[in-house]
Amino acid sequence: MSTTSETQYQPQEVEAQAQQYWDSHQSFKAIEDDNKEKFYCLSMFPYPSGHLHMGHVRNYLIGDVIARFQRMQGKNVLQPMGWDAFGLPAENAAMQRKTAPAAWTWSNIDYMRKQLKQLGYAYDWSRELATCHPDYYRWEQWFFTRLFEKGLVYKKEAEVNWDPIDQTVLANEQVVDGRGWRSGAVVERRKIPQWFIRITDYAQELLDDIDTLDGWPTEVRTMQANWIGRSEGVELSFGVEGRDDELSVYTTRPDTLMGVTYVAVAPQHPLATEAAASDPAIADFIEQQSHIKVAEADMATMEKLGMDTGFKAVHPISGDSVPVYVANFVLMAYGSGAVMAVPGHDQRDYEFARKYGLDIRQVVKPASADVSCDLNEKAFTDKGILINSGEFDGLTFEQAFDSIESWLRERGKGKKTVNFRLRDWGISRQRYWGSPIPIINCAACGAVPVPESDLPVILPEDVNFTDSGSPIKKMPEFYQTRCPSCGADAERETDTFDTFIQSSWYYARYTSHDLKTGMLDKRADYWLPVDQYIGGIEHAILHLLYARFFHKLMRDEGLIGSDEPFKRLLTQGMVLKDGTKMSKSKGNTVEPATLIEHYGADTVRLFTMFAAPPNQSLEWSDSGVEGSARFLRKLWRTMSAHDAGNLVPVDKQTLSAEQKQLRFKIHSTLQKVADDYGRRQTFNTAVAAVMELVNAVNKFQDDNVQPEDADSTLNNSIVHEALEVVLLTLSPIVPHFCHVLWQHLGHQDAIIDSPWPTVDQSALEQDQIQLVIQVNGKLRGKLDVAKDTDRDTLQSLALADANVQKFTDGKSLRKVIVVPGKLINIVVG
């Protein structure tokens with residue numbers, strides 16, 4: 001081959017040659033085959049921002065290595081790619097560039113597709129999808145109408161984070177220090193009508209099925225469980241003095257009920273609103289709270305603030321009056337918007353009570369004398385024995401839970417109940433660049449789903465962004481229509497779907513990408529669930545939870561037969577440069593295109609896999625990239641110099657010790673790399689092992705291959721075996737490089753179609769082994785010996801080692817520890 005006749009590695013030429021072959025042979029096109037075990041490998045699809053950053057490169061490379069390795073195991077592999085194309089960033093970019101989001105998005109997709117192809121990812125591009133294409137979003141519109149008919153979606157007023165400049169609802173994660181992440185505007189808390197999907201109907205199943213996700217990281221499973229947040233407690237009611245109202249509260253600690261000294265309500269609670277109407281100070285306080293981010297997690301760390309509303313709550317058991325405060329740590333969206341406050345046994349309530357001079361009453365004492373309780377310092381939050389609780393004194397937590405619940409239930413004041421932290425999924429967004437919600441609002445009929453025959457509701461793409469807000473809300477030609485039920489004038493819904501909708505089912509659409517008559521077909525059950533899913537840990541809660549939920553919704557609609565979308569999950573770490581996260585909001589300091597142009601894609605791929613385990617952060621290193629390039633150049637020269645025609649069969653019975661040692665290295669490396677790729681998914685250690693094998697080959701050639709040597713042909717044959725293993729084991733990571741060199745080794749077929757090599761177990765049976773010699777636990781030498789050498793001989797050989805003697809001379813020998821097959825540790829004093 002002309003390319004390898006030169007010892008100089010030319011990556012651009014090599015990569016063009018390999019990619020041309022893959023394209024012409026459609027090497028990565030996936031076709032359903034019931035006779036082969038399938039493997040669906042998927043990386044979380046990107047937002048088409050216009051340029052790949054190294055976080056993208058790493059994420060997709062991990063998936064590509066896994067997909068290529070599984071293909072070599074004989075599996076029918078699907079690895080698709082698409083674009084998470086809707087969302088607010090496109091609107092902002094369009095406004096800055098005075099263009100339409102559609103044109104900007106499609107242009108970015110074209111550019112990023114080219115970048116991905118440059119990197120040689122083994123994608124089935126025939127299945128490419130973009131969530132902003134009507135052929136895609138028509139089916140989520142259709143599915144929404146099905147959920148509507150089942151009563152699984154509804155509309156209600158809800159409190160949201162509102163960006164007054166972007167004029168849209170923001171997720172909690174999009175609010176930074178009280179301001180919108182894009183506009184920088186002070187975020188307001190508003191109540192506006194929002195569409196919801198009843199994810200809470202599936203809360204218990206979503207929680208239970210976490211136990212089936214044994215291929216997921218433990219931390220992600222724990223995060224999912226905590227987000228769902230199942231608890232068992234008591235729902236009970238406080239009266240309100242002088243009124244017929246009742247304040248409903250939920251508590252997981254009914255044992256502390258007799259310690260309630262105040263009740264706290266959310267700023268949006270009806271009692272707070274009524275108090276504000278006659279008290280300007282309370283009204284000002286509530287208005288100030290309207291700019292605070294609606295996020296439960298923030299409540300733990302922020303300063304606890306409140307005001308006395310003047311109302312008094314009536315304790316359900318004692319009948320005592322306790323003040324009702326409006327407090328910033330109570331959220332209207334959670335439960336009833338009211339909480340019973342027990343400052344003696346809850347640290348949040350304690351801090352609030354100390355700030356405002358409220359009573360702190362102890363009603364639980366430690367169960368053990370070894371545990372202290374000093375309410376002058378902090379709340380006592382452990383479970384213990386009840387005191388100061390009347391007839392319930394002396395009860396344990398479990399006894400008090402049952403007794404107090406029974407007392408309340410018998411009097412119609414409370415009952416045992418299960419509660420979830422999870423709330424229904426708000427899917428409305430007031431932005432333009434999203435899938436239109438397929439609802440028509442009629443004055444007579446209410447909300448009416450768009451008939452299937454009228455889907456998709458196509459988002460107009462030719463729009464002008466002259467000011468803030470959604471253009472379609474100002475386009476009568478879009479929203480003016482007729483009611484499908486009564487024929488009267490009506491208006492289309494102008495809210496669009498949350499982009500989490502699109503990313504919650506895209507993995508399934510890849511399986512039925514060209515289906516025109518439905519959302520999914522039988523191919524979905526061939527490929528699903530996804531065997532390996534790869535993405536950032538930042539998606540561990542919302543995206544994965546919504547995808548799990550959507551999967552169950554599709555199952556219950558009869559579209560698929562499985563319960564969960566993703567069998568195995570790998571959450572990769574960040575790419576860092578100088579210790580700084582390379583985030584898309586801050587820009588990226590390393591440009592993949594520049595690296596590819598200078599070094600070639602395979603060098604970028606090799607460094608990215610070698611620099612760190614996939615689940616840890618990757619610290620960018622220019623010298624590390626150069627080191628990877630140097631290794632490939634050296635390996636290229638080794639391969640180019642190899643005589644692939646001077647080969648003989650390897651007679652395992654007549655091999656020398658050196659030849660046996662090299663074959664041991666070949667097959668032990670092969671065994672390790674297969675485990676690293678498959679079970680452990682530690683690709684950096686796989687690369688390190690192959691590099692060691694290359695070093696062993698070069699050393700073997702230097703020491704053993706001489707032209708006049710009678711064994712030179714046999715040596716060359718063993719080297720050939722080693723180089724084949726090097727290429728096969730490296731091919732998932734540096735596929736272009738290996739594609740060309742595989743043919744140089746004399747193969748007519750392409751390496752992409754080659755199976756994973758088989759370990760020769762006989763080669764792993766060593767006559768000689770290498771032991772480490774330690775002195776007082778520190779490495780001081782190595783010893784090559786026959787594997788059946790007795791203990792006394794090993795001790796004598798170790799003590800006779802020249803380097804070891806430097807650390808033992810003049811010292812008394814205390815003992816020698818021999819760990820068979822591993823090490824000898826000499827202990828001296």
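The values are calculated or read from the model by the stated rules, or taken from the named source; none is laboratory data. Since this is a predicted model, take the numbers as computed values, not measurements. Positions of Cβ are backbone-derived with ideal geometry, glycine not excepted, and every protein chain shown enters the neighbour counts.
Side notes on the structure shown:
- Residue match in segment 654-665 (condition: surrounded by fewer than 20 Cβ atoms within 10 Å (Cβ to Cβ), of a type outside the set (Asp, Glu), assigned to a loop (DSSP other than H, G, I, E, B) and touching a Ser or Thr at 6+ places or on another chain (Cβ under 7 Å)): no
- Residues that are over 19 Å from Val160 (Cα atoms) and buried (at least 18 other Cβ atoms within 10 Å of the Cβ) were ranked within segment 271-304; the one that is modelled with the lowest pLDDT is Lys304.
- Test: residue in segment 522-530 that is touching a strand residue (DSSP E or B) at 6+ places or on another chain (Cβ under 7 Å), assigned to a helix (DSSP H, G or I) and farther than 27 Å from Gln430 by Cα: yes
- With respect to (1) more than 18 Å from the chain's Cα centre (by Cα); (2) surrounded by fewer than 16 Cβ atoms within 10 Å (Cβ to Cβ), the lone exception for Gly215 is condition (1).
- Test: Arg189 is over 13 Å from Gly426 (Cβ atoms) and assigned to a strand (DSSP E or B): yes
- Residue within segment 428-435 that is touching a residue at least 60 places away in the same chain (Cβ under 8 Å), basic (Lys, Arg) and either closer than 30 Å to Gln96 by Cα or crowded, with 21+ Cβ neighbours inside 10 Å (or both) present: yes
- Some residue of segment 185-197 being of a type outside the set (Val, Ile, Thr) and more than 19 Å from Ala333 (Cα to Cα): yes
- Residue among Ala85, Ala122, Ala102 that is of a type in the set (A, V, I, L, M), crowded, with 17+ Cβ neighbours inside 10 Å, touching a Cys at 6+ places or on another chain (Cβ under 8 Å) and not in a helix (DSSP H, G or I): Ala85
- Those residues of segment 436-475 which are acidic (Asp, Glu) and free of Cβ contacts under 8 Å to residues at least 12 places away in the same chain, in sequence order: Asp467
- All positions within segment 221-261 that are closer than 21 Å to Ala353 by Cα and assigned to a helix (DSSP H, G or I): Pro254, Asp255, Thr256, Leu257, Met258, Gly259
- Hits in segment 325-376 (condition: part of a loop (DSSP other than H, G, I, E, B) and basic (Lys, Arg)): Arg361
Conditions (1) under 30 Å from Gly678 (Cα atoms); (2) part of a loop (DSSP other than H, G, I, E, B); (3) of a type in the set (A, V, I, L, M); (4) under 16 Å from the mean Cα position of the chain (by Cα), marked per residue:
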| position | (1), (2), (3), (4) |
| --- | --- |
| Ser485 | no, yes, no, no |
| Tyr510 | yes, no, no, no |
| Tyr533 | yes, no, no, yes |
| Leu559 | no, yes, yes, no |
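- Count of segment 377-424 residues which are of a type outside the set (Lys, Arg) and part of a loop (DSSP other than H, G, I, E, B): 15
- Ile282 being more than 37 Å from the chain's Cα centre (by Cα) and part of a helix (DSSP H, G or I): yes
- Restricting Gln194, Gln204, Gln115 to residues that are part of a helix (DSSP H, G or I) and either in the same structural domain as Ser504 (by the TED database) or crowded, with 19+ Cβ neighbours inside 10 Å (or both) narrows the list to Gln115.
- Among the residues of segment 813-829, those identified as touching a residue at least 12 places away in the same chain (Cβ under 8 Å), under 49 Å from the mean Cα position of the chain (by Cα) and not in a strand (DSSP E or B) are Gly821, Lys822.
- Of the residues contained in segment 682-691, none is found to be assigned to a helix (DSSP H, G or I), farther than 29 Å from Gly573 by Cβ, in the same structural domain as Pro735 (by the TED database) and modelled with pLDDT of 90 or more.
- Those residues of segment 140-186 which are closer than 17 Å to Asn441 by Cα, of a type in the set (Phe, Trp, Tyr) and assigned to a strand (DSSP E or B), in sequence order: Tyr154
- Qualifying residue in segment 639-650 (condition: part of a helix (DSSP H, G or I) and crowded, with 16+ Cβ neighbours inside 10 Å): yes
- Yes/no for Ala722 being modelled with pLDDT of 95 or more, among the hydrophobic types (A, V, I, L, M, F, W, C) and surrounded by 21 or more Cβ atoms within 10 Å (Cβ to Cβ): yes
- Test: residue in segment 497-513 that is charged (D, E, K, R), surrounded by 15 or more Cβ atoms within 10 Å (Cβ to Cβ) and touching a Ser or Thr at 6+ places or on another chain (Cβ under 8 Å): yes
- Flag: Lys787 matches the condition of being basic (Lys, Arg), surrounded by 11 or more Cβ atoms within 10 Å (Cβ to Cβ), over 30 Å from Asn76 (Cα atoms) and at pLDDT below 90.
- Scanning segment 759-780 for residues that are outside any loop (DSSP other than H, G, I, E, B) and either among the hydrophobic types (A, V, I, L, M, F, W, C) or at positive phi (or both) yields Ala763, Leu764, Ile769, Leu771, Val772, Ile773, Val775, Leu779.
- In segment 410-425, residue nearest to Ala313 (Cα to Cα) [restricted to those that are of a type outside the set (A, V, I, L, M) and in contact with an Asp or Glu (Cβ under 7 Å, 6 or more places away or on another chain)]: Gly414
- Of the residues making up segment 21-66, those that are over 14 Å from Lys117 (Cβ atoms), among the charged types (D, E, K, R) and surrounded by fewer than 22 Cβ atoms within 10 Å (Cβ to Cβ) are Lys29, Glu32, Asp33, Asp34, Lys36, Glu37, Lys38.
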